[in-house]
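First up is the structure itself, then whatever we jot down about it.
The values are calculated or read from the model by the stated rules, or taken from the named source; none is laboratory data. Keep in mind the model is a prediction, meaning the values are calculated, not measured. With ideal geometry, Cβ positions are generated from the backbone for all residues, glycine too; neighbour counts draw on all protein chains shown. Keep in mind that these areas ignore ligands, DNA and RNA; they rest on the heavy atoms of the full protein, side chains included. Shrake-Rupley method; radii C 1.70, N 1.55, O 1.52, S 1.80 Å.
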Amino acid sequence: MSIKDEILKSVIEHYISCGKPIGSSQLRDDFDIALSSASIRNYLKALAQSGELEKLHSSSGRVP
């Protein structure tokens, strides 16, 4: 599984369990992802551009 797929899976798992958006720092801490928050944000941006994630407003986390 690629890191991009792992991040998407983690965002989906979080959303299913909590029903809330998740940000890069929380994603890194809660799912033990060995990347910096900035790197995770880059993956989240790519996932949003491909339509797999959505950002509800400029300071929110992402949702599937």
field: Candidates Lys9, Lys45, filtered to the one that is assigned to a helix (DSSP H, G or I), modelled with pLDDT under 95 and either on the phi > 0 side of the Ramachandran plot or open to solvent by 60 Å² or more (accessible area, probe 1.4 Å) (or both)
entry: Lys45
statement: Out of (1) in contact with a helix residue (DSSP H, G or I) (Cβ under 9 Å, 6 or more places away or on another chain); (2) modelled with pLDDT under 95, the one Ser2 does not meet is (1)
- request: Pull up segment 48-64, narrow it to residues that are at pLDDT 90 or above and of a type outside the set (Asp, Glu), then point me to the one that is surrounded by the fewest Cβ atoms within 10 Å (Cβ to Cβ).
  value: Gly51
- prompt: So is Asp32 assigned to a loop (DSSP other than H, G, I, E, B) and among the acidic types (Asp, Glu) or not?
  reply: yes
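Of Ser25, Ser39, which residue is exposed (fewer than 14 other Cβ atoms within 10 Å of the Cβ) and not in a loop (DSSP other than H, G, I, E, B)?
On the way: Ser39 fails: exposed (fewer than 14 other Cβ atoms within 10 Å of the Cβ).
From the options Ser25, Ser39, the qualifying one is Ser25.
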